[in-house]
1. Within the range 197-218, can one find any residue that is aromatic (F, W, Y), outside the structural domain of K395 (by TED's automatic domain parsing), within 22 Å of A69 (Cα to Cα) and modelled with pLDDT of 90 or more?
2. Suppose we filter the range 258-283 for residues that are in contact with a helix residue (DSSP H, G or I) (Cβ under 8 Å, 6 or more places away or on another chain) and farther than 16 Å from N369 by Cα; how many remain?
3. Inside the range 122-143, can you point out the residues that are in a helix (DSSP H, G or I) and of a type in the set (A, V, I, L, M)?
4. Taking the range 75-113 on its own, how many of its residues are among the aromatic types (F, W, Y) and either buried (at least 21 other Cβ atoms within 10 Å of the Cβ) or within 19 Å of I207 (Cβ to Cβ) (or both)?
5. Is it the case that the range 110-122 has a residue that's out of contact with any strand residue (DSSP E or B) (no Cβ under 8 Å at 6 or more places or on another chain), among the small types (G, A, S) and farther than 30 Å from S85 by Cα?
6. If T243 passes every condition in (1) polar (S, T, N, Q); (2) at pLDDT below 90; (3) under 28 Å from L167 (Cα atoms) but one, which one does it miss?
7. For N250, state whether it is outside any strand (DSSP E or B) and either within 17 Å of the chain's Cα centre (by Cα) or not assigned by TED's automatic domain parsing to the domain that holds I76 (or both).
8. Residues to consider are M83, M67, M57; find the one that is in the same structural domain as I189 (by TED's automatic domain parsing), at pLDDT 75 or above, under 25 Å from the mean Cα position of the chain (by Cα) and within 24 Å of I120 (Cα to Cα).
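The values are calculated or read from the model by the stated rules, or taken from the named source; none is laboratory data. Since we're looking at a predicted model, the values are computed, not measured. Cβ atoms come from the backbone with ideal geometry, glycine included; neighbour counts cover every protein chain shown.
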Amino acid sequence: MAGIGFELKKLFRQNSFLLSIRGYAYAAFVTVGPILSCIGVLTVLKELLEYMMVSYMERQLFLAAVMYAFIFSLMIVSGFAMMLSRYVSDKIYKEEYEDILPSLYGAICLCTFLGGIAGILFYWHSPLSLAFKYGSYIVYMELIILFLLMVYVSAIKDYKKIVYGFLYGTLTIIVCAYVFIVHLRMKEIEGVLYAMDIGFFVTIIFIMRGVQRFFNTKSKKYFDFLICFQEKPRLFLINFFYTAGIYIHNILFWQSDLGITVGDTFIAAPLYDISTFYAVLTILPATVIFVVKVETTFYDKYQQYFEAIVGGGGLHDIETAKKHMSEVLERELIFLMEIQLLISVAAIVIGVGILPVMGISGLGLEIFNFLTLGYYTTAMMFMIMTVLLYYDDQKGALWISFVFLVLNTVLTYVSIRLGENYYGVGTIAAGAVSLLISILRLKYLLKNIDYRVFCSQPIITRPNNSRFARFVRRLGA
């Protein structure tokens, strides 16, 4: 988030209402703009397929293929993304910019290799047509690359080009879908898949060029980031556990009475999945507000505290900076929780009137209400976990993400066994317990922050010359 912070500080520094609105809009474009563009294009394609009277099962086949591509590409990338974030941050701090672009190339090679094998094994025995499998496979592989690129986007100052990249990609998908289906007479679901292939490729090229222009020097350390596996293995597990925890309740419901098999390949629960989709949309405001508040208020106090230590400040200066930092953090987190709670409650109230028009009523509406509260607690937990990582509390963040994964698995399974009245309750309970644990961990950390800073860090840091580190360095040679 560091790159975003520089631009936000410029907008909020002048205390202008209009500039503040502009700052929130800017943060929204950068943080959730890509998500909204993907949602927009999927909505358009879904409406296009309905307009062309494509059968229900074929529409479900298309949506299942895209859903699987999104979920499992993110699962492949999740652990690497956290490690790459730390690696890129360290390289920027050390001003070793020449190592950043090679790490992107190395990560793309590794993740596409692992993800590619998993995708081939998944589709190997599928009875679907080769054209459909190829189109959905390419979407899946392109999403792996896009998720990796988003790690590097935060270091680029020219965010307009990034937003334009997603917009151009979205427009390309819509235009190509129309041309493939109407003029080239392709089968509808295959036409929209190949349109997505081309559109995502346009977006990848646009963002890749932006990253390459910003980091225009490079070394040969393509796999140097893998040393983080040995030095900071918790980073990989933190994000992997959290991502798995986010989707595990959907995967369990695929196996429930709501689950159906689509194309003898995909297992899905359309009623539960669509309710999940709308519930996720309700927490997007929290994402924007969190980025703004962290980068414009909390980070300044955080920086002042550590500058008081590193800069040789007296005990009084350090204690004062610590007090201000803790007060600002507590105030902003409470503000964020209150605002998002109001938004979530409003979404539940408004959903009663709007969702039935979209075909979601009865059980689907009840699931949406439960999941809206569940994602509220989950989002708050994740944001506190992010704050813990600001203080390098990897152990605390790891335990929270692991507990969340286990609880969401167990409690969702229990809710399925209890029946329809409890669908979604497991996610609420898992998120609430994990949120409570994260709050207690943050309080403990802030109470003992002096010990953590002064006593728990290594006195001497030696270069990593282990066999694994030497092997990684030889890969880039």
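1. Yes, the conditions are met somewhere in the range 197-218.
2. 11
3. The answer is L130, A131, I138, V139, M141, L143.
4. 4
5. no
6. Against the list (1) polar (S, T, N, Q); (2) at pLDDT below 90; (3) under 28 Å from L167 (Cα atoms), T243 comes up short only on (2).
7. Yes, satisfied.
8. Result: M67 is the single residue among M83, M67, M57 that is in the same structural domain as I189 (by TED's automatic domain parsing), at pLDDT 75 or above, under 25 Å from the mean Cα position of the chain (by Cα) and within 24 Å of I120 (Cα to Cα).
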